[in-house]
1. Restricting to the range A:141-176, and then to whatever is aromatic (Phe, Trp, Tyr) and surrounded by fewer than 23 Cβ atoms within 10 Å (Cβ to Cβ), can you tell me which residue is modelled with the lowest pLDDT?
2. Within the range A:180-191, track down each residue that is over 13 Å from residue B:105 (Cα atoms) and facing another protein chain (nearest Cβ under 7 Å).
3. For the range A:57-105, give me the residue count where each residue is closer than 17 Å to residue A:228 by Cα and part of a helix (DSSP H, G or I).
4. Identify the residue in the range B:13-41 that is out of contact with any His (no Cβ under 9 Å at 6 or more places or on another chain) and charged (D, E, K, R) and, among all such residues, is surrounded by the fewest Cβ atoms within 10 Å (Cβ to Cβ).
5. I'd like the full set of residues that are of a type in the set (Lys, Arg) and farther than 21 Å from residue B:7 by Cα, limited to the range B:184-232.
6. For residue B:68, which of the numbered conditions (1) among the charged types (D, E, K, R); (2) within 14 Å of another protein chain (Cβ to nearest Cβ); (3) closer than 17 Å to residue B:168 by Cα fails to hold?
7. Residue B:76 passes all but one of (1) outside any helix (DSSP H, G or I); (2) at pLDDT 95 or above; which number fails?
Amino acid sequence: MTTATKKIGEGRLLPVTSRLEKLPWWALLIALAAVLIVFSILTSPVYQDAFNFIKEGIVTTIRVTVIAYGLSLIGGLIVGLGRVSKNVVFYNLATFYVEIVRGIPMLVIILYGAFVVVPLSLELINGLGNLMVRLVPLAGFGRALQQIDIQQVDMSGRAIAGLAMGYAAFEAEVFRAGIQSIEKGQMEAARSLGMNYIQAMRYVILPQALRRVLPPLGNDLIAMLKDSSLISVLAVRDITQLGKLYRARSFRSFEAYNTMAFLYLSMTLSLSMLVKFLERKMGHER
Amino acid sequence: MSANPDDIIQIDNVAKSFGKIKALQGVSTTVRRGEVLVIIGPSGSGKSTLLRCINMLERPDSGSIIVDGNSMMHRDTDINIVRAEVGIVFQQFNLFPHLTVIENIMLAQRIVRKRKPEEARQNAEQQLKYVGIPEKAEAFPHELSGGQQQRVAIARALAMNPKIMLFDEPTSALDPEMIKEVLDVMVALAKGGMTMVVVSHEMGFVRAAAHRIVFMDQGRIVEEGVPEEFFKNPREERTRAFLSKIL
């Protein structure tokens, strides 16, 4: 049989994609916009004015986000452990919390936290103080608790409480998913070696689960940074609040909001690059 | 049932269902100290379930299991203390992937047996030598072959100095050329006098080490006996049919 056999390389070539098509144009556009704004801030007096006014809020935004995020991780881990717990009370309390909080808008949660949960818990603490004053050995500590006053907790503190409450529910679900993604055999192996449930969680399940949930946790940090703008309703002087104030004062909406957006975007984009980097690093380890 | 102190495991009329599936329907047997018991049977016969009931990875619905004098289903029994005395080796190895080989073997020694780091490490190295891979101490599980992983799993269980070792189809997930290295360790362990309950169809192991064979089908023990007798003239028709397929 000597039919004409096709030579290698005779077939039609795949269409060549030009290099231009592959360029990340969106990133270039963002970079361009950023350069424009930075340039404006440096040169235009109006932008300079807006930036100088709003930049005071950066620290507040970051501080509120970081503290609230840390608290939401702690709360989320506890609630998340409840979601996978076989203890009926713990499981149901955790699920109750998650289902309620996830179904309410973050803004409402923040208002609840600031004006309901924080004042009520302070009253509880005062009550506890009253009780302790009567018990002689604890009187000193009790008096200190009695004297805690709602005035001592400023609005940014209340805002942190609200944000942390809301995000704890989301983090709980992240932790739950991470824990449940670990093969059943791991828990069985740990338990069969004589570890109790808590030891098995602590030394075997959680170290593996935490590694897996790092990317979603990073994404939630970014989401929280953005949602922290909601605390401006409590008149906390974060980026958003100061931007609103600046606009109200100068009627320079365009400049005020551009500066705000630029500040948020530069923070979220650098965070998301960090998350991607971590993700890739984790990917190598697997 | 007689309370013979030589009977380290006493299983009495144990039943277990998963939903509608009756995995065990009244199983009774005993294992003596130093005995090597092999459980065989078709898939779904309940042999793995029975094995996992011994250290309460599955909780029986009824019946009683006594391990080394501890009534396993009694509420006063601290299951974790008994489990530390009962090693189990799984089909899927179940090594801890985030820890190195040596850390895998040290972990439970440290937190369950409360051994000091040096002591745990020394013991771990000794167990690794016993299973023939001392050079893999610092490797991670995913860097090892299946046979090596299973040997680490055996070392991890042995490091607790258990009184009993359970094996749940330890070679079923292995490539054929790796089965021998695992079986060799198991045979050595049996020769060393360890009490073992093994779910496996490895006839090489059965011939080399088994003292007694139990044949299970549909959640019941159909027949049991010493290997020579058991293979030469099985009494039950069901046993004969099964053996004709695997031998």
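The values are calculated or read from the model by the stated rules, or taken from the named source; none is laboratory data. This one's a predicted model, so the numbers in the text were calculated from it and none came from an experiment. Because the Cβ atoms are built from the backbone with ideal geometry, glycine has one as well, and the counts that use them run over all protein chains shown.
1. Going through the range A:141-176, the residues aromatic (Phe, Trp, Tyr) turn out to be A:141, A:167, A:170, A:175.
Narrowing further to those that are surrounded by fewer than 23 Cβ atoms within 10 Å (Cβ to Cβ): A:141, A:170.
Details: A:141: 77, A:170: 96.
My answer is A:141.
2. Narrowing the range A:180-191 to residues over 13 Å from residue B:105 (Cα atoms): A:180-188, A:191.
Matches in the range A:180-191: A:185, A:186, A:188, A:191.
3. 19
4. B:20
5. Start the filter on the range B:184-232 by keeping residues that are of a type in the set (Lys, Arg), which leaves B:191, B:207, B:212, B:220, B:232.
Within the range B:184-232, B:207, B:232 meet the criteria.
6. Of the numbered conditions (1) among the charged types (D, E, K, R); (2) within 14 Å of another protein chain (Cβ to nearest Cβ); (3) closer than 17 Å to residue B:168 by Cα, the odd one out for residue B:68 is (3).
7. So the condition that residue B:76 fails would be (2).
Residues checked against (1) away from chain B (no Cβ under 14 Å); (2) buried (at least 17 other Cβ atoms within 10 Å of the Cβ):
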site	(1), (2)
A:210	no, no
A:236	yes, yes
A:250	yes, no
A:276	yes, no
